[in-house]
Amino acid sequence: MVKKAHLVTGKGGVGKSLFSTVLAHYFSTQNQQILLTELTEHSFFKDYLGLNEITYKPQHLKSNLDISQWSPEDCLKEYCLHLLKIESLYKLFFENPVSKSLIQVAPGLHELALLGKLTSSPRQVGPPMRHDQLVVDSYATGHFLSLLRAPSALNEAIPFGPMGEQSKSINSWIRNPDFTQIHIVSLAEELPITETIELFKQLKSEFNINASLCLNKMSELQSSDLDDLPAEARESFKETIEKENWSRAELKKLNINWIELPLIPEIDTNKLISALVKVYANAAT
Amino acid sequence: MPMLQLNKNTKTIICIGSGGVGKTTMSASLAVGYANQGKKVLVLTIDPSLRLAQSLGIKPDGELHQVKFVSAAGGELWSCVIDHKNTFEWFVRNASSSDAATDVEALLKNRLYQQLSGRLSGSQEFTSLISLYRFVSSGKYDLVILDTPPSQHTWNFLRGPEKISALFNEGVASWFRDSDTESVGLFKKILNVGTTQVLKALETLTGSHFMKELSLFFKAIQKWQGPLETYIMNCHRLLVANETEFILVTALDSSRITEAQKLSREIQKQGYRLTSVIINRVPEWASAVKQPKSARVNDLVKYYQSLENDLQSRLNSFKTSLKVYKCFELRQNSEDVKGLQKNFENIRLLS
């Protein structure tokens, strides 16, 4: 049974997918059964991890670690099959062109289906899941908030009936800190930090969620490292150090805690992941 | 050959690429560069950094602003930050096929519309395209540059309008046409092909409340079907027009370059005129660093160089019809008109 769901978010390009992979690998070394999953239509993990294919059904990646890809349609199908029990009835309804288009366009339904799957194990709705923890490479900041808001928005619009009940129960599990943990990944730069701080505050005020924060690709340089460099290189690194210090100061001002992952100068994906898992293990304990 | 080469007739540039590669700054650089060549340029952005907005003197109010800018060649620079909520409402108010203000108000007051209009997937993409179409067809600019929304994938941008179109689609709304507050219309349709079991299934899954709200929502948007289809068609014509060029911005990173190669092949197959790829933020200074005393600096510099070597070795796998450029890293404190012009001049052809 799933005891914990980790949702990874952050501005585009900060390294969400890599961080999700690192988290999943790290937890898998803790004697936990982990499912790493992504929500994008066009898989990132397939090319990145060199997989032949990626499916809704979890596939073995390494010991204690499976990987999958969730689409709203797959989640919805699984949920409805569970409720209707009869495959032919499902087909009659969902493969009907009219209901098919309706599912495509009904506002909020996709978001609800994804979060429904995320929380299906503790809510005991849908087929049982054998993993202990889920790590979800989720959407970027703005889209992520829409995802989280969908259950309460739908619940407000439709308070009664099965749909209303489902959105209410999904909403409460999303807000349960013992079950849902949100990780925001950021770079130590103006735009990502500003977005991160806004998201952090929003999660706190709207959902009462305390997100964890990770600063990625840190230079780990000091100004004394730059003395002997040509002017251009020195200026560039100096700017990096300034941005990093500025970012730390902004977070401190707001009493936000964070961990830091360094920029690993490594092109090989597997080596990169194992190096980061080591750093994360130290930072997390 | 320095600088990006456009086709002579190009009137619209669409900057695409995944998040965090510097698309907004690159769009602004192109705008400054071509304005300096004497064109009247408009740049449409989504979410500029505070620094960029301040240095260009633009406000995130959805209005047009002329950027203070002296061009010896007589160009002008205009900017607009797209306000999605207002643009959507503008569309609802202006594109209704009926003049009845009550229809407009009914839609704007619909509970599902209110809860979800700004959050519908595809709505940002839709409003960006509508804004683009509005300004290009005004004929007031020599060149309009669109900085696309920060969606996970360019496909989301290109398919956004389709998604919205499906929502306003005649077919979907007509299921509810004959129904009053009950969702009889839809049930009838399904009953034509199914059995009473389906009806039960639908009730079990969603509840009658949901069906009722949905029915009201689709009935409220009926009036927009015709104009919407015209808009979508015009937007599509604009996207595939000879005067429109797509420019893909990406970063110096193996997985991003793989992504860019795949995307460039796909997007050309779909009939969009992708002409150039810009590998952004290449740290050109790295090659000048020789035997630094700091081991960490040494590692980082070597890493940047190995990324560049990796890029060089892969240039052949980009299609020959595509020009690949690199652009150097832009200092943050030079994100002003002068810095953007310098950035524009720094774009170098690789292939």
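The values are calculated or read from the model by the stated rules, or taken from the named source; none is laboratory data. Not measured: the values here are computed from a predicted model. A quick note on method: Cβ atoms are made from the backbone with ideal geometry, for glycine too, and the neighbour counts reach across all protein chains shown. Ligands, DNA and RNA are excluded from the accessible area calculation, which covers all protein heavy atoms including side chains. Shrake-Rupley method; radii C 1.70, N 1.55, O 1.52, S 1.80 Å.
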Limited to region B:69-82, what total is found for residues that are in contact (Cβ under 8 Å) with a residue 40 or more places away in the chain and either surrounded by fewer than 16 Cβ atoms within 10 Å (Cβ to Cβ) or not hydrophobic (A, V, I, L, M, F, W, C) (or both)?
3
Looking only at residues in region B:212-249 that are of a type in the set (Asp, Glu) and assigned to a helix (DSSP H, G or I), which one is farthest from the chain's Cα centre (by Cα)?
B:Glu213
Is region B:52-63 home to any residue that is part of a loop (DSSP other than H, G, I, E, B), surrounded by fewer than 17 Cβ atoms within 10 Å (Cβ to Cβ) and within 14 Å of chain A (Cβ to nearest Cβ)?
yes
Residue in region B:1-51 that is surrounded by the most Cβ atoms within 10 Å (Cβ to Cβ), counting only those that are among the hydroxyl-bearing types (Ser, Thr, Tyr) and more than 14 Å from chain A (Cβ to nearest Cβ)
B:Ser29
Are any residues in region A:162-182 surrounded by 20 or more Cβ atoms within 10 Å (Cβ to Cβ) and farther than 15 Å from A:Leu145 by Cβ, and if so, which ones?
A:Met163, A:Gln166, A:Ser167, A:Ile170, A:Trp173
Complete set of residues in region B:262-303 that are polar (S, T, N, Q) and under 19 Å from the mean Cα position of the chain (by Cα)
B:Ser264, B:Gln268, B:Gln270, B:Thr275, B:Ser276, B:Asn280
For A:Leu226, all conditions in the list (1) buried (at least 16 other Cβ atoms within 10 Å of the Cβ); (2) in contact (Cβ under 8 Å) with a residue 40 or more places away in the chain; (3) within 14 Å of chain B (Cβ to nearest Cβ) hold save one; what is the number of the exception?
(2)
Given the criteria within 13 Å of chain B (Cβ to nearest Cβ), in contact (Cβ under 8 Å) with a residue 24 or more places away in the chain and open to solvent by less than 10 Å² (accessible area, probe 1.4 Å), does A:Ser236 qualify?
no
Determine which member of the set B:Lys342, B:Lys302, B:Lys293 is out of contact with any strand residue (DSSP E or B) (no Cβ under 8 Å at 6 or more places or on another chain), outside any helix (DSSP H, G or I) and within 14 Å of another protein chain (Cβ to nearest Cβ).
B:Lys293
When the residues of region A:194-215 are narrowed to those that are open to solvent by less than 10 Å² (accessible area, probe 1.4 Å) and within 14 Å of another protein chain (Cβ to nearest Cβ), which ends up nearest to A:Leu261 (Cα to Cα)?
A:Thr196
Output for region A:183-218, where each listed residue is farther than 13 Å from A:Leu145 by Cβ and in a strand (DSSP E or B):
A:His183, A:Val185, A:Ser186, A:Leu187, A:Ser212, A:Leu213, A:Cys214, A:Leu215, A:Asn216, A:Lys217, A:Met218
Name the single residue that is least open to solvent (accessible area, probe 1.4 Å) among those in region A:45-69 being within 14 Å of chain B (Cβ to nearest Cβ) and within 19 Å of the chain's Cα centre (by Cα).
A:Phe45
For region B:9-24, give me each residue that is at pLDDT below 90 and over 13 Å from the mean Cα position of the chain (by Cα).
B:Gly20, B:Val21, B:Gly22
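For every residue, the table says whether it meets (1) under 24 Å from A:Lys46 (Cβ atoms); (2) small (Gly, Ala, Ser); (3) at pLDDT below 90.
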position	(1), (2), (3)
B:Ile232	no, no, yes
B:Ala260	yes, yes, yes
B:Thr275	no, no, no
B:Glu284	no, no, yes
B:Val289	no, no, no
B:Phe318	yes, no, yes
B:Gln332	no, no, yes
B:Ile347	no, no, no
Extreme residue, surrounded by the most Cβ atoms within 10 Å (Cβ to Cβ), among residues of region A:124-144 that are of a type in the set (A, V, I, L, M, F, W, C) and touching a Phe, Trp or Tyr at 6+ places or on another chain (Cβ under 9 Å):
A:Val135
Of (1) closer than 23 Å to B:Ile145 by Cβ; (2) within 13 Å of another protein chain (Cβ to nearest Cβ); (3) open to solvent by 20 Å² or more (accessible area, probe 1.4 Å); (4) in a helix (DSSP H, G or I), B:Ile267 fails just (3)
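Matching residues to (1) buried (at least 18 other Cβ atoms within 10 Å of the Cβ); (2) touching a Phe, Trp or Tyr at 6+ places or on another chain (Cβ under 7 Å):
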| position | (1), (2) |
| --- | --- |
| B:Gly226 | no, no |
| B:Ala241 | no, no |
| B:Leu248 | yes, no |
| B:Val277 | yes, yes |
A:His42 passes all but one of the listed conditions (1) free of Cβ contacts under 8 Å to residues at least 12 places away in the same chain; (2) open to solvent by less than 40 Å² (accessible area, probe 1.4 Å); the exception is number (2)
Unmet criterion (only one of (1) within 14 Å of chain B (Cβ to nearest Cβ); (2) open to solvent by 60 Å² or more (accessible area, probe 1.4 Å); (3) modelled with pLDDT of 90 or more) for A:Lys85:
(3)
Where residues in region A:250-278 are assigned to a helix (DSSP H, G or I) and within 14 Å of chain B (Cβ to nearest Cβ), which of them is surrounded by the most Cβ atoms within 10 Å (Cβ to Cβ)?
A:Ile273
Checked pairs for region A:15-33, first closer than 20 Å to A:Glu260 by Cβ, second open to solvent by 30 Å² or more (accessible area, probe 1.4 Å) and in a loop (DSSP other than H, G, I, E, B), C-beta under 7 Å and 6 or more apart or across chains, list as A:Ser17/A:Phe44
